[in-house]
């Protein structure tokens, strides 16, 4: 699976899709492959404020638990409720139906700290 | 730091796309596609497991029978030739040195199949205790033996096809020793999944051939390779112990819930301590299911009424029952079936219920 070019990426393997003031957040294909069999997702409350780099959700797979960190600071607008019934969507479609939260972006300058798809791919190569 | 060990099938696993982890000094496949998928394939069709990292120890000699009677908890004389059985090696305090299968060829020849992590320890323990048994030889053949498990409802069909032999008469726990493809094989109707299945032991030089042949013959029936991840979910559903979790040198077989492997009808190392332990059992391993959406894991604390009553020994998400399940060692007073307990998972208490063993009953060929 290719890492979509229009997204921004973090070192903790999250992605963010920017649509004006809104950021849609999920985990990358690399991350879902590491976890495999996702069985539970702990989602934040709507309205919760998060900081860039701080924990926003938790993903539990058969073998491990992993925190999801917010790529930017902001307020949680929406969470993907489908993940309650079918958490495996994250494994199947990590960049699409497997989105996790929608945020109202607080500070657009924070986006500059994130990586492009190419930068993320280099990062993966270096850290293998 | 010694190099990590690889089975003869390591490169094949990589080609099949396996995710590799380190387990007991070995590089092993944890899954090929997904743990849940491999688990379900084993329950519904058949799964193929490379477990060549396990240990095999040959014990032979005029008095091999008497020597092993002294060493293992179970009464060997109760078993016929070509039968295998589950038992423990205990220390003088009754703690478990290893859980293992003994394959009885005859009274003078036995093969012990032991945990990968305990091979050297078990071999050392046997050697240390063979003082007056000069005629007995103990040989660690682990490095020469490959072991492949074939488990699942289609196992018999697949193995019959692969070996061109009728395995239907082999009952559970029976084994045969026979030449196939110019090579000596030991094949038992045993396994670690609670499905019908076979464990196949042979010279490791032929591992790739045998693995590929089984995969080929099983292809149309849906046989797939299965990694250690699903091996764990399968055995937890069956409530089978894993050494280092339900068993260790400070846990005796009664505490582990496997008292049936202890025969007081003969002498063996640990007998006195176990007589006492059985009389005054203080804790026991029980199965439980979570009533909540969180996974219990090894060494998580177990509470009841705000008091810690034990520890989780194994935990996972059950692909068959689609809920978190596990095993825990608890104070015996709190270990009743139906009891509500709480598991501390990442700082929060989650409700759970003690249930009867096993979650998943053996589905194979009963030995009747």
Sole miss for residue B:64 among (1) touching a helix residue (DSSP H, G or I) at 6+ places or on another chain (Cβ under 7 Å); (2) surrounded by 23 or more Cβ atoms within 10 Å (Cβ to Cβ) is condition (1)
Out of all the residues in segment B:223-235, is one or more within 23 Å of the chain's Cα centre (by Cα), surrounded by 22 or more Cβ atoms within 10 Å (Cβ to Cβ) and more than 30 Å from residue A:41 (Cα to Cα)?
yes
Here are some conditions: (1) buried (at least 18 other Cβ atoms within 10 Å of the Cβ); (2) on the phi < 0 side of the Ramachandran plot. Residue B:94 meets all but one. Which one does it not meet?
(2)
Matching entry among B:259, B:218 (being free of Cβ contacts under 8 Å to residues at least 60 places away in the same chain, more than 14 Å from chain A (Cβ to nearest Cβ) and farther than 19 Å from residue B:338 by Cα)
B:259
Spans of helices (runs of 4 or more DSSP H) in segment A:29-125 with at least 2 residues within 14 Å of another protein chain (Cβ to nearest Cβ) and in contact with a helix residue (DSSP H, G or I) (Cβ under 8 Å, 6 or more places away or on another chain)
A:29-35, A:89-92
From (1) touching a residue at least 60 places away in the same chain (Cβ under 8 Å); (2) away from every other protein chain (no Cβ under 14 Å); (3) over 19 Å from the mean Cα position of the chain (by Cα), pick out the condition that doesn't hold for residue B:79.
(1)
Condition test on residue B:320, is it within 14 Å of chain A (Cβ to nearest Cβ), touching a helix residue (DSSP H, G or I) at 6+ places or on another chain (Cβ under 8 Å) and surrounded by fewer than 22 Cβ atoms within 10 Å (Cβ to Cβ)?
yes
What's the number of the condition residue B:17 fails, among (1) surrounded by fewer than 19 Cβ atoms within 10 Å (Cβ to Cβ); (2) touching a strand residue (DSSP E or B) at 6+ places or on another chain (Cβ under 9 Å); (3) assigned to a loop (DSSP other than H, G, I, E, B)?
(2)
Would you check which residues across segment B:331-356 are in contact with a strand residue (DSSP E or B) (Cβ under 9 Å, 6 or more places away or on another chain) and loosely packed, with under 15 Cβ neighbours inside 10 Å and list them?
B:333, B:336, B:337, B:338, B:340, B:346, B:351, B:353, B:356
From the option list B:286, B:312, single residue qualifying as outside any loop (DSSP other than H, G, I, E, B) and without any contact (Cβ under 8 Å) to a residue 40 or more places away in the chain is B:312
Given (1) more than 18 Å from the chain's Cα centre (by Cα); (2) more than 13 Å from every other protein chain (Cβ to nearest Cβ), where does residue B:18 come up short, assuming only one miss?
(2)
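Residues checked against (1) more than 14 Å from chain A (Cβ to nearest Cβ); (2) closer than 28 Å to residue A:66 by Cα; (3) in contact with a helix residue (DSSP H, G or I) (Cβ under 6 Å, 6 or more places away or on another chain):
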{"position": "B:253", "(1), (2), (3)": "yes, no, yes"}
{"position": "B:264", "(1), (2), (3)": "yes, no, no"}
{"position": "B:283", "(1), (2), (3)": "yes, no, yes"}
{"position": "B:301", "(1), (2), (3)": "yes, yes, no"}
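All of the numbers you see were taken from the coordinates with simple rules; none came from a lab. Here the structure is a predicted model, which is why all the values come from computation and not from measurement. For neighbour counting, all protein chains shown are included, and Cβ atoms are generated from backbone atoms with ideal geometry for every residue, glycine included.
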